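Notes for the one structure printed next.
The values are calculated or read from the model by the stated rules, or taken from the named source; none is laboratory data. Worth saying up front: this structure is predicted, and the values here are computed from it rather than measured. Glycine also receives a Cβ, built like all others from the backbone with ideal geometry; neighbour counts cover every protein chain displayed.
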Amino acid sequence: MTSDPSTAAIARLRGEFVCAATEAGFLHEQAPTILRDLRRALIVCSLFYLMFSVADVLALGLPGAIPSLLARAVVPVFAWAGLRHARRAATPVKAAYRVASVFTLLGMLTYMFVAWRRPADTLLHGTSVGLMAVVILIFIPNRLRTSVAIALSSSLVFVALAWIQHLETTRHLVSMTMLVLFANAFGAVAANRHARLWREQYRTRQVLTNLSVRDPLTGCYNRRHLNAALLDGEIARARRYRLSLSLIMCDLDGFKAINDTYGHHAGDELLRRFADLLQAMTRESIDTVVRYGGEEFLIILPETRLDGAVELAERVRAAFAAERIPYNDAALATTASFGVAGADFAAHQAITPQSLIAVADDLMYDAKRGGRNQVRARQVETGIARVA
Ligand SMILES: Nc1nc2c(ncn2[C@@H]2O[C@H](COP(=O)(O)OP(=O)(O)OP(=O)(O)O)[C@@H](O)[C@H]2O)c(=O)[nH]1
């Protein structure tokens with residue numbers, strides 16, 4: 001059963017989903033945004049980094065500034081190569097974060113070199129390092145803890161070097177150190193807030209999507225989603241890759257009598273239990289369980305031949321028939337009837353979603369007429385094969 005996105009916890013310090021699968025789903029959905037933001041950030045940062053070369057030339061003269069200019073030039077060259085790499089990578093977010101880490105490290109290292117060659121400007125460099133830390137933490141997309149590690153460690157190295165050189169008064173060095181530390185703290189808090197807000201938004205979107213595509217009583221997909229996307233999508237995939245696909249239509253037997261005898265709450269409990277059983281006995285993330293009507297469910301089984309689908313329907317039928325669901329002082333029990341339609345898209349490309357559902361539905365009613373608690377199956381386009 002799919003985990004409820006409304007309860008997905010976000011780690012306070014890391015600003016990531018605690019559940020690795022939820023975090024991976026979030027990053028997968030956000031990959032285009034992350035790549036776009038990385039591209040913009042690297043272009044803007046590289047441009048500014050180059051523009052500040054003017055200060056090197058003014059401070060050192062053109063010949064003296066050449067080593068600094070060469071060091072600065074490394075940054076945009078890496079940005080260009082890194083962006084190409086991230087765009088083509090199989091796992092774009094991981095690649096984007098790798099590129100962000102190397103870019104920021106490279107930026108800080110080359111800046112140490114630039115600062116070392118202009119020792120008279122230590123205080124100005126301190127301001128720049130503080131601003132660069134803020135940019136690393138807030139503007140360049142990366143994992144929060146990686147950004148914090150890079151920004152803070154490089155800031156500390158710069159501050160330590162400034163203290164070792166001690167070319168400024170102690171009063172100025174203290175102020176500069178505080179400024180650099182404040183920039184890191186401010187950047188980390190803002191980045192943490194952004195990371196959590198971003199995930200909260202995603203969580204809200206997931207909840208809203210879930211509300212619109214799932215049935216609130218059973219948690220199964222609803223018929224609207226089936227009609228809007230599910231079945232057409234699965235059939236298109238089966239057709240494209242010439243795969244098999246099966247449908248199971250199932251309906252509880254004697255459900256009205258349960259409602260009439262024990263009340264609607266009891267009926268609801270039975271529906272929930274049946275839906276749980278269907279979810280538990282089908283393949284997570286591959287098969288889909290849909291609440292098709294009141295006490296009617298449809299299971300979509302991609303890449304499944306008819307014999308496999310019949311075997312599953314039989315197992316569910318037997319398991320449900322053996323279930324006793326405690327309700328107040330009673331034990332609720334009933335059976336279900338199943339219609340299974342199989343399609344082989346390698347042989348029959350023209351099968352439509354409507355025809356498959358109609359066949360599964362007919363077979364389910366056939367099972368009802370045959371005495372209920374049965375499975376009926378048929379390969380679509382290849383004649384009827386009845387299964388007891
Ligand atoms: N408790 C509950 N009952 C529902 C829900 N949706 C539909 N029903 C009831 O399900 C019953 C279905 O009755 P029938 O179609 O006669 O089905 P049945 O009694 O199972 O008979 P067979 O299918 O022929 O075995 C109706 O009484 C509906 O009101 C629901 O969400 N909760």
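A few comments on the model shown:
- Failed condition for Gly187, given (1) at pLDDT 95 or above; (2) surrounded by 18 or more Cβ atoms within 10 Å (Cβ to Cβ); (3) outside any helix (DSSP H, G or I): (3)
- Helices (runs of 4 or more DSSP H) wholly inside the range 254-340 containing at least 1 residues that are within 16 Å of the ligand (Cβ to nearest atom), outside the structural domain of Ala21 (by TED's automatic domain parsing) and of a type in the set (Asp, Glu): 255-262, 264-281
- Glu200 satisfies every condition listed in (1) surrounded by fewer than 16 Cβ atoms within 10 Å (Cβ to Cβ); (2) outside any helix (DSSP H, G or I) except (2).
- Enumeration of residues in the range 117-160 that are more than 27 Å from the chain's Cα centre (by Cα) and of a type in the set (Val, Ile, Thr): Thr122, Thr127, Val129, Val134, Val157, Val159
- Hits in the range 221-231 - residues which are closer than 11 Å to Ile300 by Cβ and either in a helix (DSSP H, G or I) or touching a Phe, Trp or Tyr at 6+ places or on another chain (Cβ under 8 Å) (or both): Leu226, Leu230, Leu231
- Pairs, first at positive phi in the range 358-374, second aliphatic (A, V, I, L, M), C-beta under 9 Å, six or more apart: Arg372/Ala336; Asn373/Ala321; Asn373/Ala336; Asn373/Ala367
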